[in-house]
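Report on one structure; see the data block that follows.
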């Protein structure tokens, strides 16, 4: 009987209860400097960790356009040439305000920055900094994001 219950849990009930990951989009903002590519990193509002601009998809916009919207609001990227397809993805667990953890898959779009503004919606809430992809990879926590940064 125990074996039957265990099997029912593993094969039927548990998969039904597991919700799929929520989807976010991110902009890997970069430019080519004197010493090669540089990545625009920002700090998160909650913990102050270094991250790339990301957020929930914007209704009425596709993935790349939503990622550019986040890059504007969070990092001041006014104009950029963005990839139509993701260059990678990473997974993390987002701690929600109500205390529950929510698994998230984040699609990363490459955005070559053409115009950067100093006055943008979240400028008072975040720090931004250009750095090498290797420096950025050392600062982020997510191994999959580290790998995408190192490939840049």
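The values are calculated or read from the model by the stated rules, or taken from the named source; none is laboratory data. Worth saying up front: this structure is predicted, and the values here are computed from it rather than measured. Please note: Cβ atoms are built from the backbone with ideal geometry, for glycine as well, and neighbour counts cover all protein chains shown.
Please go through segment 106-120 and give me each residue that is out of contact with any helix residue (DSSP H, G or I) (no Cβ under 7 Å at 6 or more places or on another chain) and under 14 Å from residue 67 (Cβ atoms), ordered by number.
As a first pass, look at segment 106-120 and keep what is out of contact with any helix residue (DSSP H, G or I) (no Cβ under 7 Å at 6 or more places or on another chain): 106, 110, 112-119.
Result: 106, 110, 112, 113.
Taking every residue in segment 105-116 that is more than 15 Å from residue 56 (Cβ to Cβ) and pairing it with any residue that is at pLDDT below 95 and surrounded by fewer than 23 Cβ atoms within 10 Å (Cβ to Cβ), at least 6 positions away or on another chain, the pairs with Cβ-Cβ distances below 8 Å are 110/152. (1) more than 12 Å from the chain's Cα centre (by Cα); (2) buried (at least 16 other Cβ atoms within 10 Å of the Cβ); (3) closer than 12 Å to residue 27 by Cβ: which one isn't true of residue 81, the others all being true? That leaves (2) as the condition not met.
Taking the criterion of being outside any helix (DSSP H, G or I), under 13 Å from the mean Cα position of the chain (by Cα) and surrounded by 14 or more Cβ atoms within 10 Å (Cβ to Cβ), the residues of segment 55-73 that qualify are 55, 57.
Of all residues assigned to segment 87-94, at least one qualifies as being loosely packed, with under 12 Cβ neighbours inside 10 Å, within 16 Å of the chain's Cα centre (by Cα), on the phi < 0 side of the Ramachandran plot and modelled with pLDDT under 95.
Residue under question is residue 38, and the condition is that it be under 15 Å from residue 116 (Cβ atoms), over 12 Å from the mean Cα position of the chain (by Cα) and crowded, with 21+ Cβ neighbours inside 10 Å; does it hold? For residue 38, the condition - under 15 Å from residue 116 (Cβ atoms), over 12 Å from the mean Cα position of the chain (by Cα) and crowded, with 21+ Cβ neighbours inside 10 Å - is met.
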